[in-house]
Every structure is written in C-alpha cells, then in structure tokens.
Amino acid sequence: MQIFMKMLHQICRIASGYPFRGRIEESSDSNVKVVQMKDVSLDNPINWSECLTVELNGRRAPDYLRSGDILFVARGNRNYAVQIDEIPDGIQAVASPHFFVIGVQDTSLTPDFLTWFLNQTPCQNYFEQNAEGTMAKSIRRSVLEQTPIAIPSLQKQAAIVKLHKSHIQHNYVIQQLLANSNQMMSAIATDLMK
C-alpha cells in the first residue's frame, strides 16, 4: 500500500473565520448564520438550530461555508476538526474567528478522511506540541498549514471512514445500554423504598 505525505497547505485551502467587530449580535433581518464554538462538538458536529442569525458588518467579503468544508477549532485546550456535511436550505453561513475553515482541493483526499485524520493521535500530538499560550491555547495558521497529512488510496480512506462511523455507532449503542441499565437500577432502588 502506497501512502503519500503532504503538508496540509499543499492539498487544502485554509481560511480564517469571519472577523466580526466586537461581540456577535443576533439579527432577524438576515439569513446568514454564524457557527460559534458553542455550536460544535465531536459528537454533534454542527447544531444549526443553535447558530445565531447575524448581519455581517462588511469588514471583508464573507467566505461562506460549503458542504464538505472542515471547521478546525483553533483556540482552546482541544483542537479538533468537524466536517460540514450539509448546510440547511435557505441559509448562508460563516464561521466565527475561533475557527479555521479548511477546504480540500486535492482529489486524492476526501474531506471525511481528512477530518478523521486531524482528530487522531499523530495530529493531536503535533497540535499539542505547537500550541501557543498557557491558559488559553491556540494554533497559529502557519502551524496548521504545516500539519503533515498521510494520504492512503481513496479505497483505503473509504474503508477507514466506514470503520470510524461504525465505531461511533457502537459507542452510541453502548452509551444507550448503560443509560438504560442505570435507569433500571434506579427504578429497582426506588421500588425497594416503597
């Protein structure tokens, strides 16, 4: 199996999130949503219903998010990536300045695989070693651009992504079983007290 190594900037476009002036204010006169840190997690990539509708202040032309883009959390103690699978109909969206927006430009790489790879131990160790700050850590754009990316065949990428999705589903089922078991034990204890 042949694996190619490239730096992230060689295979992707990398942009900063939209530079809002001051506090991000909600506006009902717009169809533009802003994705903030509170709206994303590894478990639920983007909670669109919680994203604020905002008026862009014209500081720069917006680079609207597209399906397949990857949001990289550049600030905080955990630097991770989430993929935008689909943007709801009728809205445009931008990322807040806490993110870098990564768009895959090389046909030898899929966004699904890149998102998975950025969240794995080799990349996470690289980010940890190159983060700046003590209390609030951050990853500079130049550090992200130099992230080494292993690129296996598209077939291998698809197999890894399928395995990863299966792993997520198994974890979900296990968590549900544990929750049900906990409820049952609590019900038994409550019944004994009657």
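List of remarks:
- Note that the chain presents 60 Å² accessible area per residue, ligands and nucleic acids not counted, probe 1.4 Å.
- Computed extension length for residue 181-residue 162: 4.0 nm, one decimal, from 0.36 nm per residue of separation with the Cα-Cα distance subtracted.
- In the chain, helical runs assigned H by DSSP with n ≥ 4 each contribute -39500 (n - 2.57); averaged across all residues and rounded to the nearest 500, the mean residue ellipticity at 222 nm is -11000 deg cm²/dmol.
- The string of couplings for region 140-155 from the Karplus curve (6.51, -1.76, 1.60, θ = phi - 60°) is 6, 4, 4, 5, 4, 4, 8, 4, x, 10, 8, 10, x, 4, 4, 5 Hz, one whole number per residue in order, with x for Gly and Pro.
- Cα-only Debye scattering, region 1-109: base-10 log of I(q)/I(0) at q = 0.10, 0.11, 0.16, 0.23 Å⁻¹: -0.30, -0.36, -0.73, -1.38
- All Cα-Cα separations within the chain were binned at 10 Å from zero, giving a P(r) of 8, 30, 30, 19, 9, 4, 1, each value a whole percent of the pairs.
- Here residue 135 and residue 37 are evaluated by their C-beta separation; at R0 = 25 Å the FRET efficiency comes out at 0.95.
- Using C-alpha pairs below 8 Å separated by at least 6 residues, the relative contact order for the chain is 26 percent.
- Computed over every Cα-Cα pair of region 69-169 and binned at 5 Å starting from 0, the pair-distance distribution P(r) comes out as 2, 12, 21, 23, 18, 14, 8, 2, 0 percent.
- Based on alpha-carbon atoms, the Kirkwood radius and the radius of gyration of region 5-67 give Rg/Rh equal to 1.02.
- Mean Cβ count within 10 Å, highest first, over the residues of peptides 43-56, 103-116: 103-116, 43-56
- Near residue 96: Cβ cut-off under 12 Å, other residues only, Lys/Arg at +1 and Asp/Glu at -1. The net charge is +3.
- Maximal additional length on extending the residue 47-residue 108 stretch stands at 19.0 nm, based on 0.36 nm per residue less the C-alpha distance.
- Among beta bridges that DSSP assigns inside the chain, antiparallel share in %, nearest 5: 85
- What the Cα convex hull of region 60-117 gives, in volume per residue, is 98 Å³.
- Percent accessible area from carbon and sulfur atoms, region 55-169, protein chains only, probe 1.4 Å: 51
- For region 119-132, Karplus couplings with θ = phi - 60° (6.51, -1.76, 1.60), whole Hz, Gly/Pro x: 8, 8, 3, x, 6, 4, 5, 4, 5, 4, 5, 10, 5, 10
The values are calculated or read from the model by the stated rules, or taken from the named source; none is laboratory data. None of the values given here were measured: they were computed from a predicted structure. All Cβ positions, glycine included, derive from the backbone under ideal geometry; neighbour counts span all protein chains shown. Ligands, DNA and RNA are stripped out before the accessible areas are found, and what is left, the full protein with its side chains, is counted by its heavy atoms. Shrake-Rupley method; radii C 1.70, N 1.55, O 1.52, S 1.80 Å.
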